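Worksheet for the structure shown next.
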Amino acid sequence: MNKKHVALLFGGNSSEHDVSKRSAQNFYDAIMATGKYDITVFAIAQNGYFLDPESSKKILALADEQPIVDAYMAKVDDTDPLARIKALRDGGNFDIFFPVVHGNLGEDGTLQGLFRLLNKPYVGAPLRGHAVSFDKVLTKELLTVNHIRNTNYVVVDTKTAKDWTWDKITEELGPVVFVKAANQGSSVGISRVKNAVAFEAALADSFQYDYKVLIEQAVKGPRELEVGVIGNEEPIVSEIGAHTVPEQGEGDGWYDYNNKFVDNSAVYFEIPAQLPKEVTEEVKKMAIESYKVLNLRGEARMDFLLDENNVPYLGEPNTLPGFTNMSLFKRLWDYSNIDNTKLVDMMITYGFEEFEKNAQLSYKFVTLGEEKIGKFN
């Protein structure tokens, strides 16, 4: 049996570049363990250029990246309008793309648009699913109109921000809020705020990353929950995971970038989360509903906040969840009797199935003949 050829893409120009490398290592090992696929890897440098497979494999092995990128860029023909993707063009033919690019490019729909132009299957959500879910404001608007519970919020841009004083914000949302860049991931450009000075600083920080900022009501006494979802039209959910950090709740602690990716030794994890049966059922139901409303496919992680009265609020989706050794998405499936090897095989299968389904759609058009224009007064 001929093995299918997988192109594994990682890196990118976002703040999650290094996280992507670690996720890709685990995905690579899991794909290889299936014994069913050949793999070629492509690193996307922080300048947005695809690197050749030989250079990419060195970076995947965590060699010093910058000298490798410099050596590759010295050979780039800047007159080639497709120079950024030349390595991909020269890398051979592939049966399916497996993007592991967190944040910009990978989770905003950019790469998925490229895959569609190339008419190739790929793992994960379609362009519109990624693009909508990456935008925190669009996500909340879709959740709200579909009656999926989420926290109250205000949206500002660089012009309207001045109209929202701290007093007005607290009157609308309460004494503690989160300020978030609308299009950014992994807690970058996010601040927990409870006074006017911190509010101004948080806005300035978030506006570094986007021209649209979400100001969100904080949940009282929260527990943070995560649930994995995989599949296409009939998705399945993992066990629910819970985590808390020191001083979370009434204190100032929250699950920030450092707790997620750098040092989570002080984070308390609980898998499966010990919840009342009705709460477990509601969270899983909300995860499935959100997955469908946001037009997701292949994989996602749904993040929830559970308040002091055990009421769940959907926080946000992650359409390309981290797969590092610290990532809860990776652990959730282990507790759901789907190990990493089986998981990636299922994800790749979903990618092929979705491509084959979409190939049945018609894009025929009527050929125009001589135009007959109506009369104008």
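The values are calculated or read from the model by the stated rules, or taken from the named source; none is laboratory data. What you are looking at is a predicted structure, and each value in this text was computed from that prediction instead of being measured. Using ideal geometry, Cβ is built from the backbone for each residue, glycine included, and neighbour counts are taken over all protein chains shown. With ligands, DNA and RNA removed, areas are computed over all heavy atoms of the protein, side chains included. Shrake-Rupley method; radii C 1.70, N 1.55, O 1.52, S 1.80 Å.
Working ranking of peptides 71-80, 206-215, 106-115 by packing, defined as the average number of other Cβ atoms within 10 Å per residue, highest first, is 106-115, 206-215, 71-80.
If you add up the charges near Pro312, with Lys and Arg at +1 and Asp and Glu at -1, over every other residue whose beta carbon is less than 14 angstrom from its beta carbon, what do you get? Kindly include the intermediate steps, with their values, before the conclusion.
Values: positive: Arg149, Lys220, Arg223, Lys277, Lys284, Lys285; negative: Glu224, Glu226, Glu278, Glu281, Glu282, Glu289, Asp303, Asp307, Glu308, Glu316.
My count for the surroundings of Pro312 gives -4.
Using equal-weight Cα scatterers in the Debye expression, the normalised intensity of region 96-214 in log10 at q = 0.11, 0.14 Å⁻¹ is -0.44, -0.66. These residues, Leu314, Leu82, go from largest to smallest accessible area, 1.4 Å probe, as Leu82, Leu314.
Note on region 1-158: percent of Cα-Cα distances in each 10 Å bin, starting at 0 and stopping at the bin with the largest distance, equals 10, 35, 32, 16, 7, 0. Using the rule -39500 (n - 2.57) for each DSSP H run of four or more residues, divided by the residues of the chain, the 222 nm mean residue ellipticity is -10500 deg cm²/dmol. For the chain, the per residue solvent-accessible surface stands at 49 Å², with DNA, RNA and ligands left out and a 1.4 Å probe. Taking a straight line from the alpha carbon of Lys330, these lysines sit under 18 Å away, with near neighbours fewer than eight places off in the same chain left out: Lys21, Lys260, Lys284, Lys342.
Size of region 71-164 from its Cα atoms: along the principal axes, largest to smallest, the extents are 50, 33, 20 Å.
Taking Lys120 as the anchor, which aspartates and glutamates have their alpha carbon closer than 17 Å to its alpha carbon, excluding any fewer than eight residues away along the same chain? Cross-link targets: Asp38, Asp90, Asp95, Glu353, Glu354, Glu356. Computed extension length for Gln274-Asn295: 4.6 nm, one decimal, from 0.36 nm per residue of separation with the Cα-Cα distance subtracted.
Over region 118-178, what portion of Cα pair distances is larger than 13 Å, expressed as a whole percent?
Working: 1323 of 1830 pairs.
For region 118-178, the fraction of Cα-Cα distances above 13 Å is 72 percent.
Taking only the C-alpha atoms of the chain, the Rg (one decimal) and the largest Cα-Cα distance, Dmax (whole number), read 22.1, 76 Å. Solvent-accessible area of region 62-136 (1.4 angstrom probe, protein heavy atoms only): carbon and sulfur portion equals 55 percent.
For the residue pairs Lys36/Lys180; Lys136/Lys357; Lys58/Lys136; Lys285/Lys357; Lys220/Lys292; Lys168/Lys285, the C-alpha atoms sit more than 32 angstrom apart in Lys36/Lys180; Lys58/Lys136; Lys168/Lys285.
Sort 32-45, 357-370, 275-288 by packing, meaning the average of other beta carbons within 10 Å per residue, with the highest value first.
Values: 32-45: 19.5, 357-370: 6.4, 275-288: 16.1.
My ranking of the peptides, most packed first, is 32-45, 275-288, 357-370.
Could you list the square roots of 5 times each eigenvalue of the Cα gyration tensor of region 286-370, that is, the equivalent ellipsoid semi-axes, sorted largest first and rounded to whole Å?
Values: eigenvalues 240, 82, 19 Å².
One finds semi-axes of 35, 20, 10 Å for region 286-370.
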